Amino acid sequence: MKSIDGGRYSQDIEKAYQYANETLLDLLFNKEKLMERLRSLKHYFFLDQSDFLVHFFDIALEQLVRPAKEVPLDHVRSLLELVLRNPASVSAVDPYKADVVADIGQISLVEQLLKINSVQGIDIKKHMEEIRRRDRGGAYDPDASFMTVSEEAPRVGGMAGVASSSLLTGIDAFTLGYTVRFPVSLVINKKVLTKYQLLFRNLFHCKYVERQLSAAWREQGKARLYQRGGRFLRKKPSSILSDRRNEEQEDPEVKRDALFVARLCALRGKMLHFVQEFMYYVCYEVLEPSWEGLEKELPKVKTVDEVLKTHNDFLDTCLKECMLTNPALIKLFSHLMTTCTNFCTFSNNYIRHKTPPSRSYTTAASLHSDFGVPIGLTHAEHPSAPPLYPSSSSSKAFDPARTEKHMRRFEMEFVQGMRKLIDGLQYYGATETPRLADLLSRMDYNMFYARLPPDLSVVASVPVGDARGGVERKQAWGAGM
């Protein structure tokens with residue numbers, strides 16, 4: 001074209017391209033309020049000012065703990081809409097809250113991440129087979145040929161904490177959807193929305209695990225098993241000598257229970273520290289700084305292509321620094337989160353088994369005053385009412401030897417998982433993602449895990465008596481953090 005009329009056509013095309021970009025950018029940023037849209041996405045998907053999530057957990061958790069196929073999606077969507085329209089919530093003033101909808105995924109987050117990170121590209125042989133099948137009148141599946149999983153990719157399942165489709169719960173499958181119209185859909189397209197959903201599902205699951213650990217702390221506090229041991233009670237100076245004389249006459253079972261609950265509290269504290277430090281790192285050291293950089297870069301763009309590139313780079317950076325693009329770190333983190341969830345179930349069952357009958361939740365009216373709801377309302381009638389649990393569990397399931405075995409398994413799995421995660425953060429922080437060094441310093445700020453011996457022998461129980469209840473065992477590592 002440059003050879004025709006001195007390149008006049010090339011100049012005209014360039015001017016038309018610039019005019020089209022300026023017109024579209026003006027339409028996106030001024031009329032369609034693209035920045036306000038992106039702030040709305042950040043508010044819901046990155047849990048910025050996430051007061052709505054606490055209320056949503058309170059009223060929808062009973063539905064989300066069901067298997068994913070049994071979750072009433074319409075009911076969950078109505079509950080989410082009720083939460084977002086609550087006048088006391090920050091989201092009540094958001095003009096785009098009607099575009100947010102609840103959704104249930106088909107696979108777990110970890111399985112989806114491992115599939116995404118193991119895609120190689122097009123498989124020519126398989127692609128040609130799919131074309132021949134289409135020519136013969138068969139069904140053509142483009143994803144089967146264009147999205148091939150590497151044979152060397154990590155397998156889904158096992159210790160990765162990946163739930164199969166039959167075991168997938170609503171908590172594991174819950175995500176948010178977002179409705180946009182043209183021309184905003186040019187920027188917030190399906191691929192971009194999938195990245196937002198991956199970040200949201202990761203944070204949502206962390207919030208759920210933190211809630212479960214906090215609930216375990218409340219259960220341990222209400223049972224008062226820790227205070228029942230004589231050595232843990234506050235003593236007046238005048239009664240110290242008399243308490244020491246009576247210490248040998250104290251019920252051995254009470255002392256053993258008190259020490260065991262102390263181990264539960266120590267492990268729960270370590271797990272809660274792990275989850276909270278990870279969420280702080282993701283929210284305040286990854287998402288917020290990256291968002292500030294995005295807000296500074298978008299006003300400088302000159303074309304729509306630059307908008308798309310800047311926005312995609314922002315999301316890719318967030319995914320990478322949140323450990324969602326590394327299969328090894330994904331599996332390590334998922335295993336730790338699964339251990340925390342299973343430990344909460346074990347701790348709650350043990351506490352309810354050991355709680356005296358007068359304080360167990362055997363009737364709908366018991367302990368309602370502790371929850372601040374009228375006596376007589378069940379959990380189905382009022383979400384803040386305590387759920388009904390059996391007054392006691394099988395004594396065979398909680399005999400001392402069996403309980404000790406389960407407790408040691410949780411302690412060893414968590415410490416070993418933390419050691420592997422810390423080693424992974426050290427390696428990938430030095431070779432791929434330097435920001436992971438910040439997470440490493442938070443996870444092991446006092447070098448507790450780094451000072452453990454390679455065989456983790458210090459984590460093993462130190463026996464100070466027999467296993468049948470004469471004198472108890474105590475953990476040498478319980479006071480490490």
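The values are calculated or read from the model by the stated rules, or taken from the named source; none is laboratory data. Bear in mind that the values here come from a model prediction, so they are computed numbers and not experimental data. Quick reminder, even Gly has a Cβ in these numbers, built from the backbone with ideal geometry, and neighbours come from all protein chains shown. Just so you know, the surface numbers come from the protein's heavy atoms only, side chains and all, with ligands and any DNA or RNA stripped out. Shrake-Rupley method; radii C 1.70, N 1.55, O 1.52, S 1.80 Å.
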The simple spin-label model distance between Gln49 and Ser441, using points 7 Å out along Cα→Cβ, in nm, is 3.1
At a probe radius of 1.4 Å, what is the per-residue accessible area of Val93, in Å² to the nearest 10? 120
Karplus-derived HN-Hα couplings along the stretch 404-415 (A = 6.51, B = -1.76, C = 1.60, θ = phi - 60°), whole Hz, x at Gly and Pro: 4, 5, 5, 5, 5, 5, 5, 5, 5, 4, 5, 5
Calculate the length of the line joining the C-alpha centroid of the stretch 177-214 to that of the stretch 3-55, in whole Å. 21
Just to be sure I understand the model, the point goes 7 Å from the Cα along the line to the Cβ. What's the resulting Arg451 to Lys302 distance in nm? 5.8
Residue order for Glu62, Glu277 - accessible surface, 1.4 angstrom probe, largest first: Glu62, Glu277
Could you give me the ³J(HN,Hα) list for the stretch 181-190, computed from phi with Karplus coefficients 6.51, -1.76, 1.60 and θ = phi - 60°, whole Hz, x at Gly and Pro? 10, 5, x, 5, 5, 5, 8, 9, 8, 5
Could you rank Tyr281, Tyr445 by how accessible they are, 1.4 Å probe, largest area first? Tyr445, Tyr281
Cα centroid distance between the stretch 62-110 and the stretch 272-323, in Å? 24
Keeping all protein chains in position, work out how much accessible area Leu452 exposes to a 1.4 Å probe, and write it in Å² to the nearest 10. 20
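Please give the length that would be gained between Asn189 and Tyr280 if that part of the chain were fully extended, namely 0.36 nm times their separation in residues minus their C-alpha to C-alpha distance (nm, one decimal). Present the calculation step by step, with values, prior to reporting the outcome.
Working: separation 91, 0.36 × 91 = 32.76 nm, distance 2.84 nm.
Full-extension gain reported as 29.9 nm.
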First check a/c for the stretch 270-327, with a ≥ b ≥ c the square roots of the eigenvalues of its C-alpha gyration tensor; if it is under 1.5, answer rounded, and if not, answer prolate when a/b is larger than b/c or oblate otherwise. oblate
Spelling it out for Phe174: with amide H atoms placed in the peptide plane at 1.01 Å from N, the residues 5 or more places away or on another chain with amide H under 5 Å from its amide H are Gly105
From the cross-link list Lys191/Lys300; Lys296/Lys331; Lys42/Lys420; Lys222/Lys420, the entries with a Cα-Cα span beyond 26 Å are Lys296/Lys331; Lys42/Lys420; Lys222/Lys420
Across Lys115/Lys320; Lys33/Lys97; Lys195/Lys309; Lys190/Lys302, pairs whose alpha-carbon gap is larger than 19 Å: Lys190/Lys302
Heavy-atom accessible area of Lys300, protein chains in place, probe 1.4 angstrom, given in Å² to nearest 10, is 130
